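One structure below.
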Amino acid sequence: MTQTIGRRSLLRAGVVGAAGLGFSSLFPAWAQTGSMGQMPTLSGEDIHLKIANTPFTVGGRNGHAVTMNGVLPAPLIRLREGQNVRLHVENTLNEDSSIHWHGLIVPFQMDGVPGVSFPGIKPHTTFVYEFPLLQSGTYWYHSHSGLQEQQGHYGPIVIDPAEPDPVAYDREHVIVLSDWTFLHPHQLVTKLKAEGGYFNRQRQTLFGMLSGGPEESMSASDRAMWGKMRMDPTDIADVTAATYTYLVNGHGPQENWTGLFRPGERVRLRFINAATMTIFNIRIPGLPMTVVSADGLNVRPVTVDEFQIGNAETYDVIIRPAEDKAFTLVAESIDRSGMARATLAPRMGMTAPVPPLRPRPTLTMKDMGMGGMDHGSMAGMDHGAMAAGASTAAADDGGSHSMGSMNMRDKSLVPDSVKVGVGVDPIAMSPVDRTADPGVGLEDVGHKVLTYRDLMSLTSNPDTRPPQRTIEVHLTGNMERFMWSFDGEKFSEGVEPIRFERNERARVVLINDTMMTHPIHLHGHFFDLVNGHTGSYPRKHTVNVLPGGKVSFDLTADAPGDWAFHCHLLLHMHAGMFRVVTVRPLEGEAA
């Protein structure tokens, strides 16, 4: 067993305490700046992890983290497909904890979700996870207890394939993206419950409209329309750079984590979005990226300039920097309130220009769930109905396609499967498949952005049976009151599980009735994302469902047991956007 964890004190940027002393942050070897890409990791058949409270420093400020083996992010666990692994997890906290092995196909008792698949790890006890490794690729692990994930309880996993890797590369770097706040996670929830837009410092203002800046291009009539709907077109992310520092491998933007390469090498970057509430847009100005893996599984290579990565997704890309120069890796938050930044360079000390934040995006008619409307039939409608308080929407700056008579809060539009109440507001009137869309704010950036429609599995799908039935799940919420649910019901209300027969083939349709992107994760399974490439659908465990849109996936329910199914925006899951999926075992089969 190899259990070497490199620890190097790093004096952080910014002001230290009044006494001139500050905590020095400890990083695992793989996450240290100046990494050559080949560093000691945790490996072998027996691995030991210790969950503990640890000081953490970023930007010159000291805070409190929940870590594993005293480092943030946690140690890189590197294993091999086909081996059996035992993970001894000691909880030194005074509260329950857990580890979920995100994306790994394991027996449900080893999945690590308290109250669903096991009782949790009690304070000052040790739990041993044991399972065979049935796959290879890039994955990660994190707490599924309370809000510990927000406090630093996450780390990367790389599983090398048993057969030769179809992806050729000379060097690799693991890139773990996350968001850090000095507020306690429960304070985030309290503030959002009091005011849904508490952290939004990018709201539109009268001064902004008069100034005519690029981010204030919305017309006065459209502004009035949004106001009548009591909706905010800038409400892209619940928690923003107003409190978050965005991290690359535990390093803030000023600390500039640097990964090294030699010009001409094929460099594999393993991106993991371990953020609590932040969807990132990734680009390396001047350097194309070839996507070769999504959620740990190989895809046919597709070259892009930028991609959006939802919470809990992973993407592997190949870059080939040919010049002896540095490149900036930019991870811009979806609302563009801030960014994580790192450098890829041949030598330490080299930097590249850091691009400014791009103008913040605003929501559109499609984000309001009106993407399927016949725009031509709306010509001639005006804003007169707004005077009567009807909800309205406008198509674009032309203003010819306004919809004054449309009411997004008409609860008669809600299907019988959705429980109508204060937690369901608004309703997507005409949601459309958005797998060909690049993500909020990325439609007109002037370069190639990855879409789900671009992804094709490198190998044929293992199950090509047509679905036996279709299940619709509505993503519902009230953004003003920070209420989130599936089908209008919070998990705490005792909602029934979604039930499948063993080996049943079903199509699940996720319909996003909200105006916020939701990364939805299903434990214990990979599903086939329906994107037009029949037989070669990309197989994923997490999928971003864009505002007012829908996503379909075909599922083979081949893992008996109880499995978590939830939004991976942690505070949304905490608020109730969570269900249990139950797969019934075959007669005589052990669950």
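The values are calculated or read from the model by the stated rules, or taken from the named source; none is laboratory data. Since we're looking at a predicted model, the values are computed, not measured. Cβ coordinates were reconstructed from backbone atoms using ideal geometry, including for glycine residues, and neighbour counts include every protein chain displayed. The protein model used for the area step is the full one, side chains on, heavy atoms only, and it has no ligands, DNA or RNA in it. Shrake-Rupley method; radii C 1.70, N 1.55, O 1.52, S 1.80 Å.
Accessible-area rank, largest first, for 587, 81, 323: 587, 323, 81, with all protein chains present and a 1.4 angstrom probe. Computed from backbone phi with θ = phi - 60° and the Karplus coefficients 6.51, -1.76 and 1.60, the 3J(HN,Hα) list for region 558-573 is 9, 10, x, x, 9, 10, 6, 9, 7, 6, 8, 6, 4, 6, 5, 4 Hz; x is used for glycine and proline. The stretch between residue 354 and residue 436 holds 26.6 nm of extra length on full extension. This uses 0.36 nm per residue minus the Cα-Cα distance. Counting charges near residue 147 (Lys, Arg +1; Asp, Glu -1) among other residues having Cβ under 15 Å from its Cβ returns a value of -3. Rolling a 1.4 Å probe over the protein heavy atoms of region 115-165, with every protein chain left in place, gives an accessible area that is 59 percent carbon and sulfur. For region 471-591, what does the alpha-carbon gyration tensor say about shape, rounded, prolate or oblate, given a ≥ b ≥ c as the root eigenvalues, a/c under 1.5 as rounded, and a/b over b/c as prolate? Oblate, since a/c reaches 1.5 and b/c is not below a/b.
Note on residue 447/residue 290: beta-carbon distance plugged into 1/(1 + (r/R0)^6) with R0 of 22 Å gives a FRET efficiency of 0.95.
Shape of region 243-326 from its Cα gyration tensor (a ≥ b ≥ c, root eigenvalues): rounded if a/c is under 1.5, otherwise prolate when a/b > b/c, or oblate? Oblate. Highest average first, the peptides 92-103, 525-536 ordered by how many other beta carbon atoms sit within 10 Å of their residues are 92-103, 525-536.
Other residues with beta-carbon under 11 Å from the beta-carbon of residue 524 carry, at +1 per Lys or Arg and -1 per Asp or Glu, a net charge of -3. With 25 Å as the limit on Cα-Cα distance, the pairs of 448/550; 448/540; 490/550; 122/193 that go past it are 122/193. Legend: calculated FRET efficiency, residue 472 to residue 534, from the Cβ-Cβ distance at R0 = 22 Å, rounded to 0.05, equals 0.55. Where does the Debye-calculated log10 I(q)/I(0) of region 276-316 sit at q = 0.17, 0.18, 0.24, 0.31 Å⁻¹, using only Cα point scatterers of equal weight, no solvent? Debye output, listed in q order: -0.47, -0.52, -0.85, -1.11.
Using the Cβ-Cβ distance between residue 460 and residue 584 with R0 set to 41 Å, the FRET efficiency from 1/(1 + (r/R0)^6) comes to roughly 0.90. What does the charge count around residue 355 come to, taking other residues whose C-beta lies under 11 Å from its C-beta (Lys +1, Arg +1, Asp -1, Glu -1)? Combined, the nearby Lys, Arg, Asp and Glu give +2. Among the protein heavy atoms, those of residue 191 account for about 60 Å² of accessible surface (1.4 Å probe, every chain in place).
When only the Cβ of Lys, Arg, Asp and Glu is charged (+1, +1, -1, -1), the dipole of region 259-322 relative to its Cα centre reaches about 260 debye. Taking amide H as placed 1.01 Å from N in the peptide plane, the amide H of residue 433 sits under 5 Å from that of 550, each at least 5 places away or on another chain. Proximity of backbone amide H atoms, modeled 1.01 Å from N, is registered between residue 85 and 131, 133 at under 5 Å, excluding neighbours fewer than 5 places apart on the same chain.
Most tightly packed first, judged by the mean number of other beta-carbon atoms within 10 Å of their residues, the peptides 554-566, 64-76 read 64-76, 554-566. Stretching residue 168 away from residue 502 to a fully extended chain increases their span by 116.5 nm, per 0.36 nm per residue minus the current alpha-carbon distance.
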